[in-house]
Amino acid sequence: MMRASHLMHDWREVSVAGRILIANGFTFNLGFYMLLPYLADHLQRTLGLSPWYAGLVIGLRVLSQQGLFLVGGTLGDYLGYKRLILLGCMVRVAGFALLAIAQQLPALLAGAFLTGLAGALFTPSSNAYLAYEAPDCDSRDRIFALQNWSSEAGMFLGPLVGIALLSFDFALVGLGAALLFLVLLWIQWRFLPELTSQEKRQGADSPFWRQWQTMLRNPRFMGFIVFACAFHLFFHQLYLSLPNEVKTRGLDAGVITAVFMISSVLGICLQVPLNRRVPGLLGRSRTMGLGLVLMGSSFLWFLTHFATEVRLSFVGFAVTFSLGSMLVMPLLAASVPRFCERSELGSHYGLYSCIGGLAAFSGHLVLGALLSSQSLEREWIWGGLAAIGLIAGLGLYRQMEKVGRPEGERH
């Protein structure tokens with residue numbers, strides 16, 4: 001279990017700005033998970049959309065967010081990270097409000113696009129700001145683990161608040177999430193300091209397209225991104241494959257809530273101690289690879305059926321998926337600065353998530369079609385995801401070994 005002394009020690013070592021950004025992770029996820037876990041169910045049950053159209057709406061949210069991360073991250077490098085964080089909060093207010101009231105597909109697509117665009121604006125700048133606050137690899141590992149821990153707490157409470165509002169109407173869920181981001185906008189504007197040490201890039205001296213070319217021609221960074229795409233593919237199945245499997249088995253949305261609650265409780269209790277111990281025992285590369293393998297293999301739980309308690313399959317899925325995510329997610333985020341200069345952090349975080357978003361969007365379209373198929377046995381889908389996890393985990397391990405052990409890695 002997590003020791004409070006370890007948590008407080010790591011917290012005290014973080015700057016004031018870093019603490020605000022870590023706390024933001026809680027608020028971001030509280031608003032996000034109030035709505036997103038129930039969106040697919042709302043689209044299919046309430047509005048009567050097919051799994052393919054539901055996948056299109058959710059996939060567009062993923063594509064507009066992670067597919068535009070490169071643009072948002074580059075803007076952060078040039079204009080300043082705080083400015084992009086504020087703009088992202090404004091856009092998300094509009095996106096969530098639209099999803100709350102939309103009844104037709106075009107309006108739903110517009111809401112999904114704005115919701116994703118908001119994340120593309122504030123997430124890479126938030127990560128880059130955090131990386132600025134961490135001078136070495138070990139401190140980056142700790143600060144991103146704290147951010148993930150805070151995010152897990154928001155992920156825990158978000159579905160609870162969401163399902164409470166859902167008992168009245170889905171519109172209340174969306175409008176409540178929009179209101180929360182409106183409050184968050186004021187908090188960022190009022191309390192988040194300007195990053196005065198940021199080395200902003202100047203367009204005349206270093207045009208953005210040359211920076212993009214340099215990133216795309218970096219084989220080590222691109223190899224890292226390719227295998228990390230599996231994380232984005234797996235994580236976003238929480239919003240498509242999980243709700244679809246729950247619906248197929250004739251269960252209610254409470255099962256989705258239970259999955260998110262279990263994952264969040266495990267994250268709150270285990271994220272910090274796992275980050276402190278496992279990379280030291282196995283090494284960062286093996287830890288990252290193991291995390292992807294666990295995330296992929298978690299879908300094999302959907303092959304199981306327990307006569308006494310049908311929800312046990314989803315409990316097993318939640319535990320395995322969460323353990324894998326806790327192992328790999330903070331280390332992926334902390335590894336990006338190893339490939340770039342400080343003035344390019346936003347763009348590199350942007351490209352990393354942009355390509356991951358394309359993978360997640362493609363996965364939504366493909367898996368949405370496969371889940372809609374009447375002729376394909378679902379066992380092939382879950383087995384395929386497990387195979388992707390095995391291949392990607394091994395590939396990521398080998399790629400990070402080529403990059404080499406960062407200075408200060410624990411033995």
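Have a look at Gly324, Gly296 and point out the one that is within 21 Å of Phe32 (Cβ to Cβ), within 16 Å of the chain's Cα centre (by Cα) and modelled with pLDDT of 95 or more.
Only one candidate qualifies: Gly324.
Exactly one of these conditions fails for Val293: (1) buried (at least 22 other Cβ atoms within 10 Å of the Cβ); (2) β-branched (Val, Ile, Thr); (3) farther than 23 Å from Leu394 by Cα. Give me its number.
If we test Val293 against (1) buried (at least 22 other Cβ atoms within 10 Å of the Cβ); (2) β-branched (Val, Ile, Thr); (3) farther than 23 Å from Leu394 by Cα, just (3) comes out false.
Looking at (1) in a helix (DSSP H, G or I); (2) more than 19 Å from Pro124 (Cβ to Cβ), which one does His305 not meet, given that it meets all the others?
(1)
May I ask you to list the residues in segment 339-375 that are over 24 Å from Leu60 (Cβ atoms) and either at pLDDT 90 or above or of a type outside the set (Asp, Glu) (or both)?
Phe339, Cys340, Arg342, Ser343, Leu345, His348, Gln374, Ser375
Residues in segment 234-270 that are closer than 19 Å to Ile381 by Cβ and in contact (Cβ under 8 Å) with a residue 12 or more places away in the chain: how many?
Within segment 234-270, residues that are closer than 19 Å to Ile381 by Cβ and in contact (Cβ under 8 Å) with a residue 12 or more places away in the chain number 20.
Across segment 78-94, what is the number of residues that are touching a residue at least 40 places away in the same chain (Cβ under 8 Å) and under 20 Å from Gly357 (Cα atoms)?
Looking only at that region, the number is 4.
Across segment 304-333, what is the total count of residues that are in contact with a Phe, Trp or Tyr (Cβ under 6 Å, 6 or more places away or on another chain), within 18 Å of Leu240 (Cβ to Cβ) and aliphatic (A, V, I, L, M)?
So the count comes out to 0.
From the list Val366, Val336, Val328, exactly one residue is of a type in the set (A, V, I, L, M, F, W, C), free of Cβ contacts under 8 Å to residues at least 40 places away in the same chain and assigned to a helix (DSSP H, G or I). Which is it? Talk me through it step by step, then tell me what you get.
Details: Val336 fails: free of Cβ contacts under 8 Å to residues at least 40 places away in the same chain; Val328 fails: free of Cβ contacts under 8 Å to residues at least 40 places away in the same chain.
Checking each option against the conditions leaves just Val366.
Among the residues of segment 70-77, is there at least one that is touching an Asp or Glu at 6+ places or on another chain (Cβ under 7 Å) and of a type outside the set (A, V, I, L, M)?
Scanning segment 70-77, I find at least one residue that is touching an Asp or Glu at 6+ places or on another chain (Cβ under 7 Å) and of a type outside the set (A, V, I, L, M), so the answer is yes.
The values are calculated or read from the model by the stated rules, or taken from the named source; none is laboratory data. Here the structure is a predicted model, which is why all the values come from computation and not from measurement. Methodologically, a virtual Cβ is constructed for each residue, glycine included, from the backbone with ideal geometry; neighbour enumeration extends over all protein chains shown.
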